1. How much net charge surrounds A111 when only other residues with a Cβ under 13 Å from its Cβ are counted (Lys, Arg +1; Asp, Glu -1)?
2. What label, among (i) 7.1; (ii) 10.3; (iii) 8.2, belongs to mean projected area of the Cα convex hull in nm² computed from the structure on display?
3. Please get the size of the charge dipole for the chain, origin at its Cα centre, with Cβ charges of +1 on Lys and Arg and -1 on Asp and Glu, quoted in debye to the nearest 20.
4. Tally Lys/Arg at +1 and Asp/Glu at -1 over every other residue whose Cβ is under 9 Å from the Cβ of Y26; what's the total?
5. Could you order L104, L86 by accessible surface area, starting with the largest, using a probe radius of 1.4 Å?
6. Heavy-atom accessible area of M27 with all protein chains present, probe 1.4 Å, nearest 10 Å²?
7. Exactly which trypsin sites (Lys or Arg not before Pro) in region 12-106 are in a DSSP loop and have at most 15 other Cβ atoms within 10 Å?
8. For the chain, which whole-number percentage of the solvent-accessible area (1.4 Å probe, protein heavy atoms only) is attributable to carbon and sulfur atoms?
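The values are calculated or read from the model by the stated rules, or taken from the named source; none is laboratory data. Keep in mind that this is a model prediction, so the values were computed, not measured. Cβ placement follows ideal geometry from the backbone for every residue including glycine, while neighbour counts extend to all protein chains displayed. For the accessible areas, the whole protein counts, side chains as well, though only heavy atoms, and no ligand, DNA or RNA atoms are used. Shrake-Rupley method; radii C 1.70, N 1.55, O 1.52, S 1.80 Å.
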Amino acid sequence: MKVTFVVPPNYSALDDRLEPHLGLLYMAAVLLENNYEVEYCDLEGVPKERWAVPGRDVYASTVYGVTLNNARKLAALCKRQNPQGLVVIGGPQVSGYADQTLRLDPNFDCAVVFEGEFSLLEAIRDWGEKRIYQ
C-alpha cells in the first residue's frame, strides 16, 4: 500500500521552506516499519497552478489554521487522483477542532489528533471509517 504525506502551502509565511515537518516524518518511519510504501510531497512555496500529487492509496496531510483552505483544495485534488483513496488529516488545526474540521469537507475521510504515529496506522488499517483517531 502506498501512502503520500502532502504538505499544503502556507502563502502567508515569509519563508515556508525552512524545515521538514518532523511529525510527518515520524509517522512515515512507523509506516515504513509496517511495510507501507511512503512518499513525501511538500507543496510549500509551490504556486497552486503547479500543484501535483501522485495517485496513491492514502493521503495524509498536516493542517494549520492558515493552511486549512489549501488543505481542502488538496484533498479535492487527491480525490480526483484516486476517488477511492483515503484522505487523513491531522496537525494543530485538527487537534484543536477535530470534529468541526472533519465535518468541514466531504473529501476529509478521517482525522488523527495529537501524536499521530500509531493513530495514523490504525486509521489506515480501519480504512474508510469516518472518525477521529487519538
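1. Local charge sum for A111: -3.
2. Here mean projected area of the Cα convex hull in nm² agrees with entry (i).
3. Value, rounded to 20: 560 debye.
4. So the environment of Y26 carries a net charge of -2.
5. The ordering from most to least exposed comes out as L104, L86.
6. Counting only protein heavy atoms, M27 exposes about 30 Å² to solvent.
7. Qualifying residues, ordered by number: R17.
8. Roughly 50 percent, rounded to a whole number.
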